[in-house]
Amino acid sequence: MAQTLYNWSQALRQLRFGWLLLIAIIAVTSFPPLVGWSTSISVCGFAYGLQGWFLAAAGALLGAAMSFVVLRVLFRKRIRSWSQKNRKWVALESVIRARGLPLIILIRLSPFPPWVYANLLFASIETVSFVQFMIATVFYTPKLMIAVWIGSRVAMLSDGSQRDKMDTKAKIVNGLSIAIGIAIMLGTGWMVWKLTEKEIKRTPGVSAEDDELATEALETAVDDLEAPLIRSLSPERYRDEPLEPGRELDDSSTVQPPKRSQPQAPA
């Protein structure tokens, strides 16, 4: 399979506009619920080596912009109808509204939710502007270098002709470099996620329960976001938990945003 992927990536590179086709594939697979975005990023490394990062970054930025605009314009009413009935999403919106761009960047960099559903997540949150979203996405692009670099290393081991020219030591070094790259990617993802959790908990004027709900919204975003996009809406599905005082449903059956806690006057 690795050899097949290598052959396909090299055939793509030989095409006159192969690079443009690869950017288009990355952009299209940025739309949920499509799959293949991560693979297409790795193919950049397979086909173009480290220079493939420029294609990966261009495709990611284009795909992010397109998906944000399309999802917000075409699915805005449906997503808002769902999110206003979801306690976790109301809490997440409140936290993002309070923390602004720094938290948006952290969420973008964190592994939860993954790229495709992060595009839908930000498009569903009214307090996130297009400019903020794109700034956060620009901060994400250096992270693509790890995946591209791993793809370039795997390509060397996938091609039979290149592999046959390597001695055992070279193969071991390449294998270790791939393992180290994966470890770095997983390690940095875990660190960013923990930092994101910490920043959410530090949000001023938001209760600890809302902090927990906001974190849970990110962890379960893939399953939750499929509802308004794919499955038909079922209000009962999102009312499986009783609402605490202060979160009563209004006449339009939406969850009211949590009230900011007021600072106590000194005695």
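Each value in this text was obtained by applying a stated rule to the coordinates, not by laboratory testing. Everything numeric here is computed off the predicted structure, so don't read it as measured data. Because the Cβ atoms are built from the backbone with ideal geometry, glycine has one as well, and the counts that use them run over all protein chains shown.
Simple spin-label estimate for THR127 and SER161 gives 5.7 nm between the two label positions (7 Å along the Cα-to-Cβ direction from each Cα). For the range 121-183, the calculated P(r), taken from all Cα-Cα distances in 5 Å bins from zero up to the bin holding the longest distance, is 3, 15, 18, 14, 10, 9, 8, 8, 6, 5, 2, 0 percent. Note on the range 2-232: with charges restricted to the Cβ of Lys and Arg (+1) and Asp and Glu (-1), its dipole about the Cα centre is near 440 debye. Efficiency by 1/(1 + (r/R0)^6): what FRET value for MET134 and LEU176, r their Cβ-Cβ distance, R0 = 35 Å, to the nearest 0.05? So, using R0 = 35 Å, E works out to roughly 0.45. In the range 2-232, a dipole from Cβ-located charges (positive for Lys and Arg, negative for Asp and Glu) runs towards its positive end, and of ALA65, SER177, GLN84 it is ALA65 whose Cα lies farthest in that direction. Given 37 °C and 0.692 mPa s, how large is the Stokes-Einstein diffusion coefficient of the range 29-166 in µm²/s, with Rh as the Kirkwood radius over Cα pairs? D = 203 µm²/s.
The ratio of the alpha-carbon radius of gyration of the range 2-232 to the globular-protein estimate 2.2 N^0.38 Å is 1.12.
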